[in-house]
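Inspection log for the structure reproduced underneath, given as structure tokens.
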Amino acid sequence: MTFEKVNIRGINGKITCTVDKETQRVTNITFANTDILDLSVKVAFSNLNAKMNLVCEDNYKITY
């Protein structure tokens, strides 16, 4: 099996922010991004194309 080609395409992203009601301060921020990986795979004498979604998420806690 050999990977012939990989294409990455971002389809959406979001930022979620949590604000403390009492102090009006930001307490948490989450960055999330969804990408589609198009993989062209060569197996023996055939060409296969595989697609999968990849979700990346980062969380940040803020203290002050």
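Tallying residues that are of a type outside the set (A, V, I, L, M), outside any strand (DSSP E or B) and surrounded by fewer than 10 Cβ atoms within 10 Å (Cβ to Cβ) within region 4-56 yields 5. Just for region 1-47: of the residues that are β-branched (Val, Ile, Thr) and farther than 26 Å from Tyr60 by Cα, which one is farthest from the chain's Cα centre (by Cα)? By that ranking, first place goes to Val43.
Every read-out reported here was derived from the displayed coordinates using simple, explicitly stated rules and does not represent laboratory data. Since the structure is predicted, the reported quantities are computational estimates derived from the model, not experimental observations. Reconstructed Cβ throughout: ideal geometry from the backbone, glycine too, with neighbour counts over all protein chains shown.
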